[in-house]
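Inspection log for the structure reproduced underneath, given as structure tokens.
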Amino acid sequence: MGAAAQMMERRLREDFPAWEGLVERAGWCVRPVRVMGGAAAVHPGTGEVLAAYDSQGEPDGSLLIACGDRRAGVCPPCSARYRANLWRIIVMGLDGSAGAGWPVRVPGSVSAHPAVFATLTAPSWGRVHRVRSQDGACHPSRGRPVCEHGTARWCNLVHADGRQVGDAMCVSCYGYTDHVLWHASMPELWRRTVVGLPRALARQSGPVTGTHRTVKEITALLRPRFARVVEWQRRGALHVHAVVRLDGRSDGDVAAAPPAWAGRDLLAAAVRDAALSASVSMPAPDGVARSAVWGSQLDVSPITNPSAAARYLAKYSTKVAGDTLPGWPMRAFGPLEMDRMRARGVSWHLLMLAGTCLRLARRYPDLSHLAERVHQMGYGGHYASKSPMYSMTMLALSEARRSWRARRSNGDVWADLGAVVVGDWRLVGLGYRTAGDAEVAGQLYRQEQQVRAARRVHDVAVVRLVDGEEEAGW
Ligand SMILES: [Zn+2]
Ligand SMILES: [Zn+2]
Ligand SMILES: [Zn+2]
């Protein structure tokens, strides 16, 4: 049966509304997990079965569970939900704007805590083609310099079409090994930056506040918290964007206010200081000792619009390398894939980065993990992370949403925290049963988006983003 016939068959079935409900509960996921089985909510004291559920009563006898993939290129609806949740978590950490009844540890008073938006870049490993503001030339020719390989170090193009942007001007000059090893060390570099914050706060306390505080005093009084994401640049390097908030030391589970002298200027100076001081020794496969440090392009600025800052961070949390670098694979690949990538227009510069990962992995047992990270140019960290006390966790957020929905629908034994849920499930398949089902689910998702868009026009203002793009709220 062709997809059109399958779609017809699905839509005209009597249980179509029930199937629509299943798709909606799976968040219109494009590749849901299909499971079969049942569960019972059991009273922990008496063993009484409070409620039972069996998927046999559902269309096709199975349940659909969202794939939950954060990557926009894999599942747009799941990715959009992830982005919306992350936005909520980040904004909550900046203005404490939780709805009533949410199990939050951040009170509304956090909006008065000092907070900054920081962008930490990768260093330069060689000259690359670039786009400059005001249509300036890429690297204007002053004396037409060439490198030791005889390649031009100048370029008068404006690169308005974006082609070549990020590519090394000389592949022989560019430090591909350093680039890949820096990516491999970046999670540790970030960790050290965060760990170094109390020390930096102590160092900056004298110059900024007029009174020097020791590291001991700082750790007794202050707690920096952060949320961060990574962003790909055209040269195949990662950027870090982070929101850093300064809390006072609290005994309980609530973010306390810092003392008045610990303001935004001190936090900004300390974040800058911590970033400039952090360094990690990189692996030295060729015997050359190198350290990973942040690039000189360091930006730390006050947060004037928490919602826009959160939106900016959330946006990057769902992007993979392929969203910035067209034709770049989403999963690890081997040398055989390279011809196909070249045919898809992937630049020689990016292929060199992949090749460097694979070569290092092959030659040095200590770096064999780089082969699995070839699609991330050696990076093995998270795309988004945060301090535990920044705001709430993704899990807590989904739990809160679930119990809120249950409360709205007049009590649901499944959300009753007193009951123990015992289940017996079996995997039936990945993705929809037929291509036609997948098409219908896509139609339902687009319908839902239209409904949401219509609603949004009335109650959400368009927020101007930090990078100049405009995007409507979720
Ligand atoms: Zn999904
Ligand atoms: Zn150029
Ligand atoms: Zn050169």
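The values are calculated or read from the model by the stated rules, or taken from the named source; none is laboratory data. Please read all numbers here as calculations on a predicted model, not as lab measurements. As a convention, Cβ positions derive from the backbone with ideal geometry for all residues, glycine included, and neighbour counts pool all protein chains shown. Side chains are part of the model used for accessible areas, which takes the heavy atoms of the whole protein and leaves out ligands, DNA and RNA. Shrake-Rupley method; radii C 1.70, N 1.55, O 1.52, S 1.80 Å.
Some points to look at:
- The chain - percent relative contact order, Cα under 8 Å, separation 6 or more: 24
- CD proxy at 222 nm, helix term only [per DSSP H run n ≥ 4: -39500 (n - 2.57); per residue of the chain; nearest 500]: -11500 deg cm²/dmol
- Degrees between helix 306-317 axis and first principal axis of the chain (Cα, 0 to 90, nearest 10): 90
- Accessible solvent surface per residue of the stretch 231-386, calculated while the other protein chains remain in place, 1.4 angstrom probe, Å²: 44
- Taking only protein heavy atoms and a 1.4 Å probe, the accessible area of the chain is 52% carbon and sulfur.
- Calculated accessible area for the stretch 126-174 comes out at 64 Å² per residue, all protein chains present (probe 1.4 Å; ligands, DNA, RNA ignored).
- Extension gain for Val158 to Ser281 (0.36 nm times residue separation, less C-alpha to C-alpha distance): 40.5 nm.
- With the biggest extent put first, the Cα atoms of the stretch 1-91 measure 49, 45, 17 Å across the principal axes.
- Amide N of the stretch 155-171 lying under 13 Å from the label point, which is placed 7 angstrom from the Cα of Ala137 along Cα→Cβ: 155-159
- Separation of the Val254 and Val195 label points, Cα + 7 Å toward Cβ, nm: 3.3
- Pairs of Cα atoms farther than 33 Å apart, the chain, %: 51
- Protection proxy ranking, peptides 297-305, 35-43, 269-277, 369-377, average beta carbon neighbours within 10 Å, highest first: 269-277, 369-377, 35-43, 297-305
- One chain, two ends: Ser368 and Leu298. Fully extended at 0.36 nm per residue, the span grows by 22.0 nm beyond their Cα-Cα distance.
- Packing, as the average of other Cβ atoms within 10 Å across residues, places the peptides 45-53, 72-80, 193-201 in the order 193-201, 72-80, 45-53, highest first.
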